[in-house]
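Read-outs throughout are calculated quantities, based only on the coordinates presented, and are distinct from any laboratory measurement. Quantities reported herein were computed from a predicted structural model and do not represent experimental measurements.
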Amino acid sequence: MDVRTALLEAAITTFAESGVRGATTRRIAQAAGVNEVTLFRHFRSKDELIHAGLQHFVARIERRPLPADPADPRAELLTWCRAHYRELCRNRSFIRKVMSEFEEHPGHCTVGMKASAGIARELVGYFERLRRLGLTTGEWDARAAANMIMGALFSDAMGRDTMPERYPYSMRDAVESYVDLLVRAIGAQPLARRPRGRGRTAP
């Protein structure tokens, strides 16, 4: 790992533990295994380093793409939601810290929100493809559907350890339940079960 990347990783870790105020350049440098002089050769200020660290964090988030040509909405959404939920749980302390400092450092939070907005757009696009292919029924809003499933996953990932009484079911069962509720809400069906005369013909 090069020095710049080590500093970015150290900034992320230190920020997640202590927030902006606690993440001093001295602590970040120590965590990266360098001195402060080296840190300031790469970054002009702590704020610049933390902002770059947040961008680095967003860029490395694993994002499983949704199919460009959907065929089985439940299976595809379940796979995607499980991957997204794992990422949320893996990074929840960092996410909580960013959100808790929004009032004082809104610019830092904005970086993370861009990632969330991008994920929402991907979901909306997927739901619109489902509708165009005739794999759903009824009247529903793609943005609302995306917000609903993302909100359920986010709330569970952020609140399960602090409010366990709200989540008596397992993490695996939780994701499956949320997806099943969504699938029923939009009337999604696999390609082969689609009503005749709608969209493409089943293979």
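Just check the stretch 3-59 against the gyration tensor rule for me: Cα atoms, a ≥ b ≥ c as the square roots of the eigenvalues, rounded for a/c under 1.5, and otherwise prolate or oblate depending on whether a/b exceeds b/c.
rounded
Relative contact order for the chain: what is it in percent, counting Cα pairs under 8 Å that are at least 6 residues apart?
23 percent
Which of the helices in the chain, when you take each full DSSP H run, stretch at least 24 Å along the axis at their Cα atoms and have an average Kyte-Doolittle score of -0.5 or higher?
The qualifying helices are 106-132, 142-159.
With P(r) over Cα pairs in 10 Å bins from 0, in percent in mind, check [x] 10, 41, 39, 10, 0; [y] 8, 30, 26, 19, 11, 5, 1; [z] 7, 25, 26, 20, 13, 7, 1 and report the label derived from this structure.
Read-out from the structure maps to [y].
Using 5 Å bins from zero, what percent of all Cα-Cα pairs in the stretch 99-169 falls into each bin?
It works out to 3, 14, 16, 16, 17, 16, 11, 5, 2, 0, in whole percents.
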